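The next block holds one structure in the form of structure tokens; read it before the comments.
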Amino acid sequence: MSAKSPVIVDLKFIPEEVDAAIVGAFPGREVINLADPAHEGRDLRGIDYAVVWKSAPDLFSRAPDLKVVFSGGAGVDHVLTLPGLPDVPLVRFVDRSLTTRMSEWVVMQCLLHLRQHRAYETRAKQHIWEDLIQPEAADITVGVMGLGVLGQDAITKLQVMGFRTIGWSRSKKEIEGIETFDAGELDAFLSKTDFLVGLLPLTDDTREFFNAGLFAKLSRKGPFGAPVFINGGRGGSQNEPDVIEALKSGLLGGASIDVFQQEPLPKDSPFWDLETLYLTPHVAASSDVKALFTHVQQQIDRLESGQPLQYLVDRKAGY
């Protein structure tokens with residue numbers, strides 16, 4: 001029996017989490033964690049598998065014989081833009097924990113805006129005891145853009161909290177009990193949306209999709225007057241100067257953003273100082289590294305037993 005191919009791990013995650021998850025992962029295989037200085041300059045030829053998240057730009061030139069590349073997250077644009085990406089299957093990460101974490105973040109952000117948390121936070125710092133008029137979730141229509149696994153789960157959990165929900169995707173999706181819209185119905189979707197949730201993949205069609213023109217088409221009939229923008233998808237899908245100006249001008253009443261075009265976000269970015277923005281550092285759906293390695297092992301087992309890989313990325317579509 002031939003020796004099992006090692007697995008390259010090149011993940012820009014919390015190093016301690018990666019180190020802990022590697023223990024016991026991929027039985028019978030060497031795990032080459034490129035964050036370990038011991039592997040610096042190592043010859044990576046002849047290795048079949050790599051698990052990557054924002055990997056080194058020279059990875060594919062160093063590992064020219066890869067048979068499969070596994071993304072460390074649901075998004076894959078960070079892989080598709082790497083130089084020298086080989087023409088091999090690219091597998092995205094799909095897991096219950098990742099889906100649940102994203103839905104938790106989306107629901108939390110919607111509740112923070114619904115319950116006017118920032119306004120109460122400001123008053124508390126000023127020692128002001130004041131009750132604000134409080135709408136309920138049923139008064140708010142949350143429009144979710146992107147109806148894949150993450151979007152559909154988020155809609156389900158938002159409904160549990162009592163929000164009215166609608167969904168949009170480029171091609172029509174049928175979801176029981178949910179009004180859905182396709183590419184040709186974008187304006188109709190936006191006109192009904194009080195809180196806009198972005199969970200779109202990054203493609204040529206979605207780059208800077210969230211811009212001033214789109215924000216101007218959102219509903220202003222909700223209880224807060226101005227709409228809210230919540231982006232947990234990809235940073236490249238938002239026109240950042242437009243987002244900043246929309247928050248300053250009141251075109252948007254508030255926002256929650258987890259993803260940015262440049263990460264880490266520069267220390268001098270205007271985003272840090274926007275009072276109506278909740279900002280998180282790309283942690284909405286942080287991958288559970290142990291779950292990620294289990295997922296990769298399952299896919300390797302499928303491949304090596306003659307079964308097809310699951311969760312393959314369509315490179316033309318970008319997801």
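The values are calculated or read from the model by the stated rules, or taken from the named source; none is laboratory data. It should be emphasised that the depicted structure is a prediction, and the values quoted were computed from it without experimental measurement. Reconstructed Cβ throughout: ideal geometry from the backbone, glycine too, with neighbour counts over all protein chains shown.
Every listed requirement among (1) assigned to a helix (DSSP H, G or I); (2) of a type in the set (A, V, I, L, M); (3) out of contact with any Leu (no Cβ under 8 Å at 6 or more places or on another chain) is met by Ile166 save one, (1). Which pairs do you get when a residue that is at positive phi, found in the stretch 131-156, comes within reach of a residue that is part of a strand (DSSP E or B) and surrounded by 15 or more Cβ atoms within 10 Å (Cβ to Cβ), reach meaning Cβ atoms under 8 angstrom, with the pair 6+ apart or on two chains? What qualifies is Gly146/Trp168; Gly146/Gly198.
Inside the stretch 246-301, can you point out the residues that are aliphatic (A, V, I, L, M) and either surrounded by fewer than 16 Cβ atoms within 10 Å (Cβ to Cβ) or touching a residue at least 60 places away in the same chain (Cβ under 8 Å) (or both)?
Step one: list which residues in the stretch 246-301 are aliphatic (A, V, I, L, M), which gives 246-247, 251-252, 255, 257, 259, 265, 274, 277, 279, 283-285, 289, 291-292, 296, 300.
Matches in the stretch 246-301: Leu279, Val283, Ala284, Ala285, Val289, Ala291, Leu292, Val296, Ile300.
When Gly177 is tested against (1) buried (at least 17 other Cβ atoms within 10 Å of the Cβ); (2) under 17 Å from Lys192 (Cβ atoms), only condition (1) is not met. For first residues located in the stretch 181-194 and buried (at least 22 other Cβ atoms within 10 Å of the Cβ), partners that are modelled with pLDDT under 95 and part of a helix (DSSP H, G or I) and lie 6+ apart or on another chain with Cβ distances below 6 Å do not occur. Going through the stretch 282-319 one residue at a time, which ones are assigned to a loop (DSSP other than H, G, I, E, B) and in contact with a Phe, Trp or Tyr (Cβ under 9 Å, 6 or more places away or on another chain)? Answer for the stretch 282-319, where residues must be assigned to a loop (DSSP other than H, G, I, E, B) and in contact with a Phe, Trp or Tyr (Cβ under 9 Å, 6 or more places away or on another chain): His282, Val283, Ala284, Ala285, Ser286, Ser287, Tyr311, Val313.
Taking the stretch 7-33 as the range and being crowded, with 21+ Cβ neighbours inside 10 Å and either polar (S, T, N, Q) or outside any strand (DSSP E or B) (or both) as the test, the residues that pass are Val18, Ala21.
Going through (1) more than 24 Å from the chain's Cα centre (by Cα); (2) more than 14 Å from Ser219 (Cβ to Cβ); (3) part of a loop (DSSP other than H, G, I, E, B) one by one, Pro135 falls short only on (2). Of everything in the stretch 39-89 that is within 22 Å of the chain's Cα centre (by Cα) and assigned to a helix (DSSP H, G or I), the residue that is surrounded by the most Cβ atoms within 10 Å (Cβ to Cβ) is Val79.
Apart from one condition, Arg220 fits all of (1) more than 30 Å from Glu30 (Cα to Cα); (2) surrounded by fewer than 18 Cβ atoms within 10 Å (Cβ to Cβ); (3) under 17 Å from the mean Cα position of the chain (by Cα); the exception is (3).
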